[in-house]
Amino acid sequence: MNAPAPPAENLRAALAGLLDGLPPRQASQAVERLIASYRGDTPTDAPILRDRADVAAYAAYRMPATFEAVRSALEAFAETAPEWVPGGHTDLGGGTGAAAWAVSAVWGGERPVTVLDWAEPALALGREIAAANPELKDVRWQRSRIGAALTLESTDLVTVSYVLNELTAADRTALVDAAAAAAQAVVIVEPGTPGGYARLIEARDRLITAGFRIAAPCPHSAACPIAPGTDWCHFSARVSRSSLHRQVKGGSLAYEDEKFAYVAAARFPAEPAANRIVRRPQIRKGQVLLDLCESEPSLRRATVTKRHGDLYKAARDADWGDAWPPS
Ligand SMILES: C[S@@+](CC[C@H](N)C(=O)[O-])C[C@H]1O[C@@H](n2cnc3c(N)ncnc32)[C@H](O)[C@@H]1O
């Protein structure tokens, strides 16, 4: 018997089927409409994802990227707590379920999962796509609004992926407080922009005040060493381009890089990286330049040369976002 396909492949296949039967022109129009709504100044008073065409466009066009960003954040988190496996998961503003797929890719197996969103069409399509993943067959797709009235049942892991930027400041606070009250671990992912980073720092501070420690990407739970307004911490996840991407964006690149920012915080002991590589390493003749965020809160450029032996080999293989030195 063949082993079941890993979640990432399953998801790609399920998404590829979504636009079957939709004329290509109509599919790209739906994506363009969606990109325009997202370009507008959110938050909005009502869901942007209004009907199946919106949601199918979102899922086909954005979900592979949000899935890869969340998966990458969760993998970095899992490295800090190798023994820990979430016994339950709630995804806030979960839309079509990208984070539920990412959790299942990082920690296989079944667990109670709730995906909460205010857009019914997104939840409906999420349920349809999740039928392709046996581990997601019992997900509860819950229609609720994130706001002051939000209360959550206790769970091990709460994820919040690409949602903070759609909320008012008051709703962001309510969301982080509700997540902190309900979960043992909270992972928040945002676009890798200065604004996304600023919202994450705000959430990070609030989680620390609520008694959490930062597990990733930061090597510490002290203040971020980036002087506000001078830079922003973010990472990159590689995403295969679908035919819809090529159609909308033109060009023939087989992949694109999704820039994202994240924070993973836990109430239980996790072991953050000694240092984290916070830019793409620069490989020069006989040396590698690594920009590191260090456990004594500071940013430093390390130069690793051939003279460092095995460490030099490791530096040549190291990637933006990795822990340094590798364990
Ligand atoms: C950019 S999508 C991200 C979806 C999904 N988390 C992902 O990573 O692909 C933002 C989601 O947040 C939901 N959302 C925005 N404001 C909300 C609110 N006040 N209450 C509940 N859901 C909300 C939207 O309906 C949408 O599904």
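Read-outs: derived from the displayed coordinates by stated rules, not from any lab. The structure displayed is predicted, hence computed values, not measured ones. Cβ: placed from backbone, ideal geometry, glycine included. Neighbour counts: every protein chain shown.
Where Lys and Arg each count +1 and Asp and Glu each count -1, what net charge lies around S298 among other residues with Cβ under 13 Å from its Cβ? Each step should come with its number before you reach the end.
On the way: positive: R276, R300, R301; negative: D291, E294, E296.
Summing Lys/Arg as +1 and Asp/Glu as -1 gives 0.
Estimate the FRET efficiency between K285 and R238 by the formula 1/(1 + (r/R0)^6), using the beta-carbon distance for r and 35 Å for R0, to the nearest 0.05.
Details: r = 26 Å, r/R0 = 0.74.
Result of the calculation: an efficiency of 0.85.
Give the angle, between 0 and 90 degrees and rounded to the nearest 10, that separates the Cα long axis of helix 120-130 from the longest principal axis of the Cα atoms of the chain.
70 degrees
Cα centroid distance between the stretch 138-153 and the stretch 216-293, in Å?
Taking the Cα centre of each part, the stretch 138-153 and the stretch 216-293 sit 30 Å apart.
Does anyone have the angle between helix 7-18 and the longest principal axis of the chain? Alpha-carbon axes, 0 to 90°, nearest 10?
On a 0 to 90 degree scale, this one is about 30.
Where does the charge balance sit around P325 when Lys and Arg score +1, Asp and Glu -1, over other residues with C-beta under 15 Å from its C-beta?
On the way: positive: R276, R300, K313, R316; negative: E79, E271, D291, E294, D310, D317, D319, D322.
Every neighbour counted, the sum reads -4.
What is the packing order of peptides 245-251, 70-76, 122-128, 28-34, taking the mean over residues of other C-beta atoms within 10 Å and listing the highest first?
70-76, 122-128, 28-34, 245-251
Treating the angle as unsigned and between 0 and 90°, give the value, to the nearest 10°, between the Cα long axis of helix 194-209 and the longest Cα principal axis of the chain.
Computed tilt is about 80 degrees.
What net charge is computed for the residues neighbouring L18, neighbours being all others with C-beta under 15 Å from the C-beta of L18, Lys and Arg scored +1, Asp and Glu -1?
Here the count lands on 0.
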